[in-house]
1. Say we look at segment A:87-99 and pick out the residues that are at the interface with chain B (Cβ under 7 Å from one of its Cβ atoms) and surrounded by fewer than 24 Cβ atoms within 10 Å (Cβ to Cβ); which of these is nearest to A:F64 (Cα to Cα)?
2. With buried (at least 16 other Cβ atoms within 10 Å of the Cβ), more than 9 Å from chain B (Cβ to nearest Cβ) and within 29 Å of B:L120 (Cβ to Cβ) as the only criterion, which of A:L4, A:L80 stands out?
3. Could you check segment A:41-63 and list, in sequence order, the residues that are surrounded by 14 or more Cβ atoms within 10 Å (Cβ to Cβ), in contact (Cβ under 8 Å) with a residue 24 or more places away in the chain and within 22 Å of A:P14 (Cα to Cα)?
4. Are any residues in segment A:100-110 away from every other protein chain (no Cβ under 14 Å) and part of a strand (DSSP E or B), and if so, which ones?
5. Could you count how many residues in segment A:1-21 are in contact with a Cys (Cβ under 6 Å, 6 or more places away or on another chain) and modelled with pLDDT of 95 or more?
6. State all residues of segment B:83-117 that are over 19 Å from A:W37 (Cβ atoms) and in contact with an Asp or Glu (Cβ under 7 Å, 6 or more places away or on another chain); if no residue qualifies, say none.
7. Identify all residues within segment B:8-23 that are under 17 Å from B:I50 (Cβ atoms) and surrounded by 15 or more Cβ atoms within 10 Å (Cβ to Cβ); write none if there are none.
Amino acid sequence: QSALTQPPSASGSPGQSVTISCTGSSSDFGTYNYVSWYQQYPGKAPKLMIYEITKRPSGVPDRFSGSKSGNTASLTVSGLQAEDEADYYCTSYAGTNNYVFGTGTKVTVL
Amino acid sequence: QVQLQESGPGLVKPSETLSLTCTVSGGSISNSNFYWGWIRQPPGKGLEWIGNIYYTGSTYNNPSLKSRVTMSVDPSKNQFSLKLSAVTAADTSMYYCARFRYYDNGGYRHYFDYWGQGTLVSVSS
């Protein structure tokens, strides 16, 4: 199975917005709404930021939002802050009890 | 607050079997709403899902690793384990265990909500 495709990097100035895409095949996303996003700081475990495309776990700032159109899911970070500088990974249920992660995107706050 | 902790050898020889255990605290591994999963990350690279296990022992794995992966669960110890056979240098990774929310509030869910801190396993002679 192939990883979902994400841009290697994205950047923005404090206060701006940055959007990260996550592209797969119809079999990756299909009719499922099981796309989630994780934030990872260097040397740390990933942290759940978005689940089921648009939902935020308790404690995640509402600056983080998710969406999906066709075979592409997106994570948008609005009002970028220095603490948002991290790696971000998408993941999706790919059917038949199979899951696939994205290639990862490094977000830099300029 | 659920916590997960990986344990196991940090160095494994090529062709041997990698064995890791994840100990869960702050919640029961037998909760029917959750699976328990393994994810790995080679140094400087992205995340790769390895597989998930239910408290009953039911498992499903990444097709690319399936023939080498064995997972087990011990509800009495609130632990689950991973064995990866015939390892090579390509299996050198940080290995994470995580809780996988599968079902709640009358609906299916598919995401990892709690992660262990990870354990680095190197494959080298």
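1. Residue satisfying both the conditions and the ranking: A:Y93.
2. On the way: A:L80 fails: within 29 Å of B:L120 (Cβ to Cβ).
Unique residue meeting the criteria: A:L4.
3. Of everything in segment A:41-63, those that are surrounded by 14 or more Cβ atoms within 10 Å (Cβ to Cβ), in contact (Cβ under 8 Å) with a residue 24 or more places away in the chain and within 22 Å of A:P14 (Cα to Cα) turn out to be A:M49, A:I50.
4. Within segment A:100-110, A:V107, A:T108, A:V109 qualify.
5. Counting residues in segment A:1-21 that are in contact with a Cys (Cβ under 6 Å, 6 or more places away or on another chain) and modelled with pLDDT of 95 or more gives 1.
6. Across segment B:83-117, the qualifying residues are B:L84, B:V87, B:Y95, B:C97, B:G116.
7. Selection gives B:G8, B:V12, B:L18, B:S19, B:L20, B:T21, B:C22.
The values are calculated or read from the model by the stated rules, or taken from the named source; none is laboratory data. Computed from a predicted model, the values in this text were never measured in an experiment. FYI the Cβ positions are ideal-geometry reconstructions off the backbone, even for glycines, and counts take in every protein chain you see.
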